[in-house]
1. Express in whole angstrom the spacing between the alpha-carbon centres of region 1-57 and region 117-161.
2. Could you give the distance between the Cα centres of region 218-249 and region 58-113, to the whole Å?
3. What percentages, rounded to whole numbers, describe P(r) for the chain computed over all alpha carbon pairs with 5 Å bin width beginning at zero?
4. What number results when the radius of gyration of region 136-283, computed over Cα atoms, is divided by 2.2 N^0.38 Å?
5. State the Kirkwood hydrodynamic radius of region 40-161 in Å, one decimal place, computed from all pairs of distinct Cα atoms.
6. Give me the extension gain from residue 138 to residue 227: residue separation times 0.36 nm, minus the current Cα-Cα distance, reported in nm with one decimal.
7. Over all distinct Cα pairs, what is the inverse of the mean 1/r for region 201-275, reported as the Kirkwood hydrodynamic radius in Å?
8. Contour minus end-to-end for residue 247 and residue 56, with contour as 0.36 nm per residue of separation and end-to-end as the Cα-Cα distance?
């Protein structure tokens, strides 16, 4: 990554470049990334194709946008590598619910970072999960309101299993130890970003972690989870919806034309109304 692009990226995160790779700096970069760069699937809702190229993803982040796992972890890996860290991509599989078999099916990319004699599991693309890296080894870690654990994977012998907090949006994720590259995720990305069967095509999702909790926007339902519990709000107008994207999720969407914004809202709101009608049907 060029020096100018690196500085632009760091400005987006609100941090300075470390003088040398360190665990303290890795933690600071990770925290800043999940707080300032949201997990978001709005490009899929707009039908605008993206790639898993990490430098293209970094360009989008610099322009004020986010992305989902391939974009966020890919760009973060490129940034860390430029800053002198030793980073590896790994084929992973996020288990969306307990009824789906676990395993590293490639619907997620995980990262490991070598620093100060230890290996760290880093992941800025897990939506409502990690706020900071975790040491790669069996153990349980408390981060704010949430408790996470790492253990050897049962589904992928030799790999690792990340168990999400029960309050989280998914049970867990498995990843392989072998290094991977962007090419290993191209086909899966194509499916997730274009197939009508993809959950990303059906519902707009935006997530942002912070030290005290998390914000989640699914369609027109905003959820804030913190020490006060879980609070849900229905956003009923486009003005309110876009204002929340800017204030809660750091997404001003300056790259969208008025026509794009209108099309995005119409799609999200129409889907929301259809879901709401189904949800209120008597069983």
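1. After rounding, the separation between the Cα centres reads 20 Å.
2. After rounding, the separation between the Cα centres reads 25 Å.
3. All Cα pairs, binned at 5 Å, distribute as 1, 6, 12, 17, 19, 18, 14, 8, 4, 1, 0, 0, 0 percent.
4. Working: Rg = 18.5 Å, N = 148, 2.2 N^0.38 = 14.7 Å.
Here the answer is 1.26, to two decimals.
5. Working: mean 1/r = 0.0647 Å⁻¹.
With all distinct Cα pairs of region 40-161 included, I get 15.5 Å.
6. Numbers: separation 89, 0.36 × 89 = 32.04 nm, distance 2.73 nm.
Stretched out fully, the residue 138 to residue 227 stretch lengthens by 29.3 nm.
7. Values: mean 1/r = 0.0773 Å⁻¹.
Result for region 201-275, one decimal place: 12.9 Å.
8. Details: separation 191, 0.36 × 191 = 68.76 nm, distance 2.53 nm.
Roughly 66.2 nm would be gained on extension.
All of the numbers you see were taken from the coordinates with simple rules; none came from a lab. Just so it is clear, the model here is predicted, and its values are computed rather than measured. Reconstructed Cβ throughout: ideal geometry from the backbone, glycine too, with neighbour counts over all protein chains shown.
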